[in-house]
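Below is one structure, written out as C-alpha cells; comments come after it.
The values are calculated or read from the model by the stated rules, or taken from the named source; none is laboratory data. Model, not experiment: these values are computed from the prediction. In this analysis, Cβ positions are derived from the backbone assuming ideal geometry, glycine residues included, and neighbour counts consider all displayed protein chains.
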Amino acid sequence: MGKYTSLSEAINDLTNKGYIYNFNMKENFIECPENQCQLQPDEFEIDEKHRFQEMSDVDNESVLYAISSTDGSVKGLLVNAYGIYADYASFKLVQKLNRPDRFG
C-alpha cells in the first residue's frame, strides 16, 4: 500500500487492484447496488484505509476504505466524509470503520 496524494489517485489505483464495486453506507450494513449485495460488519474486512484533507478547506476531509467480503466474492470502495456516518450508522458499523489502522 502506497501513500496517495489525492482521493482520485487512490480510487484509480485500488480499482486497478480489483476493488471494482462501490459501497454505500446504510444504518446497519454497507451495500453494493451494482450486485445487490448487503454486508453486515462481520461479513467484510477493511483491507486499506486512507484519509484525505483538502488543503483549501480543512473541514473537508474524506476517508477511503478498500473493502473485501469475508468470502472473497466482492471487493470495492467506500468513500465517506470523515465523521458524517456517526450520525446514522449503527454502533457496530461505526466501530468496525473506526478500528485503529493496522496497515503497514
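The table that follows gives values for the structure above.
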{"quantity": "Failed item, numbered, when Asp57 is tested on (1) at pLDDT below 75; (2) closer than 19 Å to Asn24 by Cβ", "calculated": "(2)"}
{"quantity": "Filter pass, Leu14 being of a type in the set (A, V, I, L, M, F, W, C), touching a strand residue (DSSP E or B) at 6+ places or on another chain (Cβ under 7 Å) and free of Cβ contacts under 8 Å to residues at least 40 places away in the same chain", "calculated": "no"}
{"quantity": "Test: residue in the stretch 10-26 that is among the acidic types (Asp, Glu) and not in a helix (DSSP H, G or I)", "calculated": "no"}
{"quantity": "Those residues of the stretch 1-33 which are surrounded by 12 or more Cβ atoms within 10 Å (Cβ to Cβ), charged (D, E, K, R) and more than 18 Å from Asn80 (Cβ to Cβ), in sequence order", "calculated": "Asp13, Lys17"}
